[in-house]
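Everything on this sheet refers to the single structure shown next.
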Amino acid sequence: MNIHSPEIDRQPDHDDAAEALERLRTWAAQATEQEIAALDPALLQLLAPKGKAPGPAYPELVRSYPEKFVASDAYKATMPDLQNGPASLIRGARQQIQHVGISNFRLPIRFHTRGNGDLSLEARVTGTVSLEADKKGINMSRIMRSFYKHSEKTFSFGVIEAALDDYKADLGSLDARIQMRLSYPVKVPSLRSGLEGYQYYDIALELIETGGQRKKILHLDYVYSSTCPCSLELSEHARRERLQLATPHSQRSVARLSVVIEGAQLLWFEDMIDMARTAVPTETQVMVKREDEQAFAELNAANPIFVEDAARLFCDQLKRDARVGDFRVIASHQESLHSHDAVSILTEGPTFASESLDPRLFSTLFHVG
C-alpha cells in the first residue's frame with residue numbers, strides 16, 4: 001500500500017525559497033570557497049557568507065571577433081603553455097613515450113623523377129619524436145612549421161633530414177621519425193596495342209633516427225595479378241582428360257616492399273617499380289584493348305604464382321641491388337576461390353623483424369580500382 005504525502009506535489013513559494021537560502025548561507029558561513037564551488041560554482045555569486053566578500057560579478061564578455069587585435073610579444077608571454085609545463089602536470093605513469101607527433105598532415109611537395117623532370121604531388125606527412133619521462137608534452141605545430149620551412153624545395157632524403165634536424169632541435173628530443181606518403185604516377189604502355197596510361201603507385205619515404213643512428217627507408221605497394229598454379233594445372237587436366245572447358249582462378253594481389261637504402265647512390269622510385277615488375281611481371285593494366293587482354297591472359301599463364309613464390313621472387317630481385325640493405329616483403333593474394341586471402345611475409349635483416357603482427361596489417365594492402 002502506497003502512502004502519498006500531501007507535501008510532495010506542492011510548489012515551493014517565496015517563504016520556502018527564503019528558508020532554503022538562509023540554510024545555504026548558514027552552511028556557507030562555515031564552508032570554504034572550494035567546498036562551495038564543488039557544490040555548484042554559481043553559489044559563489046548567489047551567496048555572500050557572513051564575514052566574506054561576495055564573489056566578483058560575472059563579466060560581460062565581448063561577443064564580436066576582434067579583427068584588429070594584435071598579439072604582442074608581451075601578450076604572448078602571458079599565455080598558458082600546458083604542454084611545456086612542469087613534470088607535476090604529467091598524468092598517468094611518468095614513462096618515456098617512443099613516438100608522439102602528428103599524422104596525415106598534407107601539403108604539396110615537388111619530387112624529382114628519374115627522367116629528369118619534376119612532379120608536384122600531394123604528400124601526407126607523419127612526424128613524431130620521442131618524449132622523455134619527465135616532460136609533459138610537445139608543441140605539435142613545431143613539426144608542421146619545421147616541414148614548411150623546406151616544403152618549397154624539390155624533395156629528397158637530404159631535405160627530409162634537414163626538416164628532421166630542425167624539429168628535433170625545436171622539440172629537444174632524442175629520437176625522431178618523418179614519413180611522407182604519396183601516390184606516384186608513371187605512364188605505362190599496354191602489352192600489345194601501343195596505348196599508354198598512368199599507373200599510380202602508393203609510395204612512402206621514411207627517415208628514422210634512433211640512438212643517434214639514421215635509416216632511410218622506401219616503401220612501395222605493387223599491384224599485380226596472381227594466377228594459381230594448382231588451379232591452372234587442374235583446368236588443363238579437365239581439358240585434356242574430359243574436353244571440359246575450365247579456367248584457372250586469378251586475383252588482384254598486392255606486395256608491399258620496404259627497403260633500407262644503403263650508400264650514397266640514389267634509389268629512384270622508378271628503380272623500385274622496375275625491380276617489382278621484373279620479379280612479378282603480371283602487373284595490373286591501365287589501358288586495355290582486346291589484344292592487350294589476350295596478352296595479359298597469356299602473361300598470367302606464363303607466370304603462375306603462389307603467394308610464397310611471390311615473396312621469394314621479390315626477395316631475389318631486392319638482394320641483387322647493392323643500394324638495398326635490410327628489407328621486408330609482404331604479399332597478399334586476395335583470393336577469388338576462397339573467401340579469405342593468402343598472405344606471406346619475408347624479412348631480411350633486423351630492421352623489419354617482428355614477432356608480433358599488426359592485427360590490421362593485411363587489410364591495408366587492399367587496393368580499390
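Each reported figure results from applying straightforward, stated rules to the coordinates on display, with no laboratory input. A quick note: this is a predicted structure, and the numbers were derived from the prediction, not measured. Counting neighbours? That spans all protein chains shown, and the Cβs are built from the backbone with ideal geometry, glycine included.
Quote the charge dipole size of the chain about the Cα centre in Debye, to the nearest 20; the model charges only the Cβ of Lys and Arg (+1) and of Asp and Glu (-1).
That gives a dipole near 820 debye.
If you take the beta carbon distance between Glu298 and Glu161 as r and set R0 to 30 Å, what does 1/(1 + (r/R0)^6) give as a FRET efficiency, to the nearest 0.05?
0.05
Given DSSP loops and a limit of at most 11 other Cβ atoms within 10 Å, what is the longest stretch of the chain that contains no such chymotrypsin sites (Phe, Trp or Tyr not before Pro)? Walk me through the numbers on the way to the answer.
Values: sites that count: Phe69, Phe366.
For chymotrypsin sites (Phe, Trp or Tyr not before Pro) (loop position, at most 11 other Cβ atoms within 10 Å), the longest site-free span of the chain is 70-365.
Each label point is 7 Å from the Cα along the Cα-to-Cβ direction; what then is the distance between the points at Ser193 and Thr78, in nm?
With each label point 7 Å from Cα toward Cβ, the separation is 7.0 nm.
Please compute the length gained on full extension between Met287 and Asn139, using 0.36 nm multiplied by the number of residues separating them and subtracting their Cα-Cα distance.
Working: separation 148, 0.36 × 148 = 53.28 nm, distance 4.75 nm.
Between Met287 and Asn139, full extension yields 48.5 nm more.
Would you please give the residues with an amide H less than 5 Å from that of His150, counting only those at least 5 places away or on a separate chain, with H modeled from the backbone geometry?
It is none; the list stays empty.
Relative to the longest principal axis of the C-alpha atoms of the chain, give the angle of the C-alpha long axis of helix 14-28, reported between 0 and 90° and rounded to the nearest 10°.
Taking Cα atoms only, the helix is inclined about 80 degrees.
Using a basic spin-label model with each label point 7 Å from the Cα along Cα→Cβ, how many nm lie between Ser183 and Lys149?
Output for this residue pair reads 3.2 nm.
Measure nothing but the geometry: give the 0 to 90° angle between the long axis through the Cα atoms of 269-279 and the longest principal axis through the Cα atoms of the chain, rounded to 10°.
It works out to around 50 degrees.
How far apart, in nm, are the 7 Å Cα→Cβ label points at Glu241 and Ser88?
With each label point 7 Å from Cα toward Cβ, the separation is 8.3 nm.
Could you run the Karplus curve 6.51 cos²θ - 1.76 cosθ + 1.60 with θ = phi - 60° over the range 339-352 and give me ³J(HN,Hα) per residue in whole Hz, x for Gly and Pro?
8, 10, 9, 9, 9, 8, 9, 10, 10, 10, x, x, 4, 10
Rounded to the nearest Å, what's the spacing between the alpha carbon centres of the range 214-255 and the range 153-209? Just the number, please.
With the range 214-255 and the range 153-209 each reduced to a Cα centre, they are spaced 30 Å.
Quick one: which residues, 5+ away or cross-chain, put their amide H under 5 Å from the amide H of Asp326? H built at 1.01 Å from N.
Under 5 Å from the amide H of Asp326: Val260.
Multiply the residue separation of Leu174 and Thr210 by 0.36 nm, subtract the distance between their alpha-carbon atoms, and state the gained length in nm to one decimal. All intermediate terms of the calculation are to be shown ahead of the outcome.
Numbers: separation 36, 0.36 × 36 = 12.96 nm, distance 0.76 nm.
The span from Leu174 to Thr210 would gain 12.2 nm if fully extended.
Under the rule that an exposed site lies in a DSSP loop and has at most 11 other Cβ atoms within 10 Å, name the longest stretch of the chain with no GluC sites (Glu not before Pro) of that kind, not counting the sites themselves.
Working: sites that count: Glu7, Glu60, Glu67, Glu152, Glu355.
That gives 153-354 as the longest site-free run.
Just name one of Met79, Leu131, Ala322: the one whose Cα is farthest towards the positive end of the charge dipole of the chain (beta-carbon charges, Lys/Arg +1, Asp/Glu -1).
Among Met79, Leu131, Ala322, the one farthest towards the positive end of the dipole of the chain is Ala322.
Set the Förster radius R0 to 30 Å, insert the Cβ-Cβ distance between Glu308 and Glu270 as r into 1/(1 + (r/R0)^6), and round the FRET efficiency to 0.05. Spell out each step's value before the answer.
Numbers: r = 28 Å, r/R0 = 0.92.
Efficiency, from the Cβ-Cβ distance: 0.65.
If a paramagnetic tag sat 7 Å from the Cα of Leu361 along the Cα-Cβ line, which residues of the range 320-340 would have the backbone N under 13 Å from that point?
328-332
Are any of the pairs Lys76/Lys168; Lys76/Lys215; Lys135/Lys215; Lys187/Lys216 more than 29 Å apart by Cα-Cα distance, and if so, which? Before the final figure, lay out each step's value.
Values: Lys76/Lys168 24 Å; Lys76/Lys215 38 Å; Lys135/Lys215 26 Å; Lys187/Lys216 26 Å.
With Cα atoms farther than 29 Å apart: Lys76/Lys215.
Label 7 Å along Cα→Cβ of Tyr200; the range 273-290 residues with amide nitrogen under 20 Å?
273-274, 283-288
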